[in-house]
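Participant: Dropping the structure in here first, questions after.
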There are 2 protein chains.
Amino acid sequence: MVPHVVVLGGGFGGLAAAKGLARADVRVTLIDRSNHHLFQPLLYQVATAALAPSDIAEPLRSILSKQKNVRVRLAEALRIDADQKQVQLQTILGDNTQETLSYDYLVVAMGVQQSWFGRDDWEAVAPGLKSIRDALDIRRRILAAFEQAEWCQDEAERRRLMTFVVVGGGPTGVELAGAIAEIALHTFRTDSRNIDTADSRVVLVEASDSVLGTYPADLRQKALEQLHELKVDVRLGTPASEVDEAGVIIDGERINAKTVLWAAGMKAPAITQTLGTELDRAGRIIVQADTSLPGHPNLFAIGDICHYAKGDSLLPGTAPVALDMGKHVAQCIIADLGQKKRPTFAYFDKGQMATIGRRRAIMQSGPIKLAGTLAWLAWLFIHLMVLVTYRNRLLVFMKWSWAWFSYERASRLIWQPDTD
Amino acid sequence: MVPHVVVLGGGFGGLAAAKGLARADVRVTLIDRSNHHLFQPLLYQVATAALAPSDIAEPLRSILSKQKNVRVRLAEALRIDADQKQVQLQTILGDNTQETLSYDYLVVAMGVQQSWFGRDDWEAVAPGLKSIRDALDIRRRILAAFEQAEWCQDEAERRRLMTFVVVGGGPTGVELAGAIAEIALHTFRTDSRNIDTADSRVVLVEASDSVLGTYPADLRQKALEQLHELKVDVRLGTPASEVDEAGVIIDGERINAKTVLWAAGMKAPAITQTLGTELDRAGRIIVQADTSLPGHPNLFAIGDICHYAKGDSLLPGTAPVALDMGKHVAQCIIADLGQKKRPTFAYFDKGQMATIGRRRAIMQSGPIKLAGTLAWLAWLFIHLMVLVTYRNRLLVFMKWSWAWFSYERASRLIWQPDTD
């Protein structure tokens, strides 16, 4: 039997690892809870009705259709026994049976989950944005709030319906706040008869003293100005102290809001606790220089789920880092099989970019710093180029072009007769 | 106050009526349970993963964005009081409050629902295809069945997972059966490792003695041949006598099938019973020559929900009929307001067409009868042309072109970790 490589997670890291083994003499089993690879950086566009789920998601089976040494399996990984080299799985479809899978190499690439800082009761009122399901839930909430406001007779309630609070000033929070502000200022305005959606209020709450904390100070300032241009009410240095059905409390002030979205904090999935290895405070697996676990050279953790120290800081939880780690792990396994020395992992930082809205973005790459239209065009170009398949690229390009000229949003559907 | 026209339903009929009143001096309120107009003839393509929901649905608000005399409202119509000229509504979002709306004209255009012939317990195991929600449910069932089959160890159970039964040999049933057969024969074949999806079995059950009963005999025969080419097992003259978790019983024979889809039978929504007017056996409203109700010249029923006798037969429940009726009603109201005589309604039958698969279709228009590639091309062309907006038309054209060359299906997503 050729060595069995089990990959947990079909995100950027796991998929890169599986693909990197295409010509290796191994059997690969790729396990994921959903049947698709998700282009997570554009998930906020599904949540804000600009794109459809299938524009940014592609079935893992079809991505790996031609790579005959990979099998894809829809299942949840429950436990890892690093000593016995076994993973315990539970099937998702059907009868939820459990099963034990033996491996020669294991690649843990399951990403992170939203964390409500121990206030799990906030989850129901302030959903996070990690999966397609989350994005569709958020989309429904935003669309439903405007629908209800249009016909609401009570003024205070109407103001509450037209108030949107986003908690967390990282890239996702900024993107969500910017996109909701644009919808309110442009897209929905001509569609309403009884309200002016431009009267909506979008509040972005950030506990630290600036948004997009990983950027240089001048770019952070630019991002703040761009948010202000979209009339986003940015509250810095003030965590949300309470979140409930009525809205949020920030710095002692209650803000009544029907829609509260959560983009602050993450934690590793509980499976990391079954490893018996050292974790950081967020539950992420602390890995060695080659992304393997101490004492377990055949067990790798890559992407957001790993804690990879580089000097005084950590490698960020971004798609490029996960991709490079996935490729690296494949090369390590190939090196092992050929009884060669494993390559050294070195992440080359290509920079970072965040988008705030139409012609509003910031980017930083080495000494280059951009803000505004140019940064936004760079953002558009790069995101189109890295979208998984040719087909999706074309469709997304068309939808964006259409949205640019029409200010329309293509996916404004409410299909659940939800009792809210 | 200008006259108030209330339109119940934003399908082909209701939307045509609302649009037909664009230049009339009336206030229009369009009520629908969902926020979008749905291009129902292509719904089976969402159910079989070829198109995304937003490709065939468009928000009513954005369709009517420029028509300032229309207001759109998301609500469920519960009761109609024809004497008091009132409709009782229940809001769908928020607190489900009830409200009474007065009208000067009422247009009932709510379509029909699936009917399980009194066996409502069959609904859970054999879902119908009427809404986006239904389509996504069916899509999940089909994809999940193949996912489960890929990893199933038990041969009998694997055969059950790979058996698909479609009950009902009308256009929807034929389209579903054909599309599932194509997926099995082509799309999924290269994606599986442990099974050959071409071994799947698709059974189409029809109680009458032929599929597509409204077509001439020679075209029906062609359709049957095309289904056989796709290896669809067509069972004619045999109703399903039992449907349960294990499968179906047809003509005394039990067919074990994980996936059973229902495309047989329809009934009008219960609201028709509140009218106090004559209904047919399916609960449809029997209307007069001008589509108004006897004794209620200001109350119209159009589209699938109405029973419109023409000679010995009924006008069919199709989009073209609903569209023409909607336009006609708008003209009647305008005539009334100008104190002119209402125009006569005359439906010009443009023909009918049904698709079975790639290059497989039949069509009939007056003396013209086509089958095969030419009918299929005509079907493609006509469906693209009547898609609601320019944007959707382009997107769908691109997706279909891609699917043609690649045999791919663009929307193969399972995003619910459903316990099935």
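Participant: Determine the distance separating the Cα centre of region B:29-76 from the Cα centre of region A:23-44; give it in Å without decimals.
Facilitator: 33
Participant: Between A:Ser365 and A:Gln273, what FRET efficiency follows from the Cβ-Cβ distance if R0 is 45 Å, with the result rounded to 0.05? Show your work: numbers first, answer last.
Facilitator: Numbers: r = 37 Å, r/R0 = 0.82.
It comes to 0.75.
Participant: What fraction of the DSSP beta bridges in region A:120-264 is antiparallel, stated in percent and rounded to the nearest 5? Provide the component values of the computation, followed by the final result.
Facilitator: On the way: 8 of 22 bridges.
Once the DSSP bridges in region A:120-264 are tallied, antiparallel ones form about 35 percent.
Participant: Moving to a separate point now. From the label point of B:Asp83, set 7 Å from Cα along Cα→Cβ, how far away are the matching label points in the other copies, in nm, ordered shortest to longest?
Facilitator: Values, ascending and in nm: 8.3.
Participant: May I ask you to list the lysines whose Cα is less than 30 Å away from that of B:Lys222, ignoring any residue fewer than eight positions away on the same chain?
Facilitator: List returned: B:Lys130, B:Lys231, B:Lys258, B:Lys267, B:Lys310, B:Lys350, B:Lys369, B:Lys399.
Participant: Let me ask something additional. Separation of region B:323-395 and region A:230-269 by C-alpha centroid, Å?
Facilitator: 50
Participant: Averaged over peptide A:71-77, how many Cβ atoms belonging to another chain are found within 10 Å of each residue's Cβ?
Facilitator: Working: counts 5, 6, 4, 8, 2, 1, 0.
Mean inter-chain Cβ contacts per residue within 10 Å come to 4.
Participant: DSSP beta bridges in chain B, what fraction antiparallel, as a percent rounded to 5?
Facilitator: Bridges in chain B that DSSP calls antiparallel: roughly 55 percent.
Participant: Moving on to the next point. Where both partners of a DSSP beta bridge lie in the protein assembly as shown, what percent of those bridges are antiparallel, to the nearest 5? Write out the running numbers ahead of the final one.
Facilitator: On the way: 76 of 142 bridges.
Here the share of antiparallel DSSP bridges comes out near 55 percent.
Participant: I've got another one for you. Using just the helices of chain A, give the 222 nm mean residue ellipticity in deg cm²/dmol: DSSP H runs with n ≥ 4 each add -39,500 (n - 2.57), and the total is spread over all residues, rounded to 500.
Facilitator: Working: 10 runs with 120 residues, N = 420.
So the helix-based figure for chain A works out to -9000 deg cm²/dmol.
Participant: Further, regarding this structure: Where in region B:270-348 are there chymotrypsin sites (Phe, Trp or Tyr not before Pro) that are in a DSSP coil and have at most 11 other Cβ atoms within 10 angstrom of their Cβ? Show your work: numbers first, answer last.
Facilitator: Values: sites: B:Phe300, B:Tyr308, B:Phe345, B:Tyr347, B:Phe348; in loops: B:Tyr308, B:Phe345, B:Tyr347, B:Phe348.
Within region B:270-348, the qualifying chymotrypsin sites (Phe, Trp or Tyr not before Pro) (loop, at most 11 other Cβ atoms within 10 Å) are B:Phe348.
Participant: So which GluC sites (Glu not before Pro) in region B:201-279 are both in a DSSP loop and have at most 14 other Cβ atoms within 10 Å of their Cβ? Intermediate results must be reported in sequence, preceding the final value.
Facilitator: Details: sites: B:Glu206, B:Glu225, B:Glu229, B:Glu242, B:Glu245, B:Glu253, B:Glu278; in loops: B:Glu245, B:Glu278.
Qualifying residues, ordered by number: B:Glu245, B:Glu278.
Participant: In nm, one decimal, shortest first: how far is the label point of B:Ala270 (7 Å from Cα along Cα to beta carbon) from the matching points in the other copies?
Facilitator: 4.0
Participant: Another question, if that's okay. Hey, got the average number of other protein chain Cβ atoms within 10 angstrom for residues in B:185-196?
Facilitator: Details: counts 0, 0, 2, 4, 1, 5, 9, 4, 9, 1, 0, 0.
Partner Cβ neighbours, averaged per residue: 3.
Participant: Between B:Met1 and B:Gln221, how high is the FRET efficiency from 1/(1 + (r/R0)^6) when r is the Cβ-Cβ distance and R₀ = 41 Å? Nearest 0.05. Mind dumping the intermediate values first?
Facilitator: Details: r = 59 Å, r/R0 = 1.43.
For B:Met1 and B:Gln221, the calculated efficiency is 0.10.
Participant: Just tell me which lysines come within less than 26 Å, Cα to Cα, of A:Lys68; anything on the same chain fewer than 8 places away is out.
Facilitator: Within the straight-line cut-off, A:Lys68 pairs with A:Lys19, A:Lys85, A:Lys327, A:Lys340.
Participant: Determine the shielding of peptide A:91-100 by partner chains: average, over its residues, the number of Cβ atoms on other chains within 10 angstrom of each Cβ. Walk me through the numbers on the way to the answer.
Facilitator: On the way: counts 5, 9, 14, 11, 3, 2, 0, 0, 2, 0.
Going residue by residue through A:91-100 and averaging, the value is 5.
Participant: Ok, one more. Test of understanding: in a Gaussian network model of chain B with alpha carbons linked when under 10 Å, which of B:Thr259, B:Thr97, B:Thr238 would top the mean-square fluctuation ranking?
Facilitator: Comparing B:Thr259, B:Thr97, B:Thr238 in a Gaussian network model of chain B, the most mobile one is B:Thr97.
Participant: Still on this model: For label points placed 7 Å from Cα toward Cβ, what is the shortest-first list of nm distances from A:Asn96 to its copies?
Facilitator: Relative to the other copies, A:Asn96 has label-point distances of 2.6 nm.
Participant: OK, next. Just want the answer: with Cβ charges of +1 for Lys and Arg and -1 for Asp and Glu, which residue in B:Ser102, B:Ala126, B:Val70 is farthest toward the dipole's positive end in region B:58-179?
Facilitator: B:Val70
Participant: Next up: Report the rotationally averaged projected area of the protein assembly as shown based on its alpha-carbon convex hull, in square nanometres.
Facilitator: Values: hull surface 144.4 nm².
With every direction weighted equally, the projected area is 36.1 nm².
Participant: Placing +1 at every Lys and Arg Cβ and -1 at every Asp and Glu Cβ, with all other atoms neutral, what dipole size does chain B have around its Cα centre, in debye to the nearest 20? Numbers along the way, then the final one.
Facilitator: Numbers: 47 positive and 47 negative charges, 352 e Å.
It works out to roughly 1700 debye.
Participant: Tell me the trypsin sites (Lys or Arg not before Pro) within region A:319-420 that lie in a loop according to DSSP and have at most 11 other beta-carbon atoms within 10 Å.
Facilitator: Working: sites: A:Lys327, A:Lys340, A:Lys341, A:Lys350, A:Arg358, A:Arg359, A:Arg360, A:Lys369, A:Arg391, A:Arg393, A:Lys399, A:Arg409, A:Arg412; in loops: A:Lys340, A:Lys341, A:Lys350, A:Arg358, A:Arg359, A:Arg409, A:Arg412.
Filter output for region A:319-420: A:Lys340, A:Lys341.
Participant: Between chains A and B there is a rotation axis; tell me the chain A residue with the nearest beta carbon and how many whole Å away it sits.
Facilitator: So the chain A residue sitting closest to the axis is A:Ala52, 2.
Participant: Treat each spin label as a single point 7 Å out from the Cα along the C-beta direction, and report the A:Lys66 to B:Thr100 distance in nm.
Facilitator: Modelled inter-label distance: 6.8 nm.
Participant: Could you order the peptides A:154-163, A:130-139 from most to least packed, using the average number of other C-beta atoms within 10 Å per residue? Let's see the in-between values first.
Facilitator: Values: A:154-163: 17.1, A:130-139: 20.2.
Per-residue Cβ counts within 10 Å, averaged per peptide and sorted highest first, yield A:130-139, A:154-163.
Participant: Quick check on packing: order B:23-35, B:179-191 by the mean number of other C-beta atoms within 10 Å, highest mean leading.
Facilitator: On the way: B:23-35: 20.2, B:179-191: 21.7.
Packing proxy ranking, top to bottom: B:179-191, B:23-35.
Participant: Calculated FRET efficiency, A:Glu245 and B:Glu253, Cβ-Cβ r, R0 41 Å, to nearest 0.05?
Facilitator: Details: r = 54 Å, r/R0 = 1.32.
E(calc), rounded to 0.05, equals 0.15.
Participant: Quick one: divide the alpha-carbon radius of gyration of region A:120-264 by 2.2 N^0.38 Å and tell me what you get. Spell out each step's value before the answer.
Facilitator: Numbers: Rg = 14.6 Å, N = 145, 2.2 N^0.38 = 14.6 Å.
Here the answer is 1.00, to two decimals.
Every number here is computed from the coordinates shown, using simple stated rules; none is lab data. This one's a predicted model, so the numbers in the text were calculated from it and none came from an experiment. Cβ: placed from backbone, ideal geometry, glycine included. Neighbour counts: every protein chain shown.
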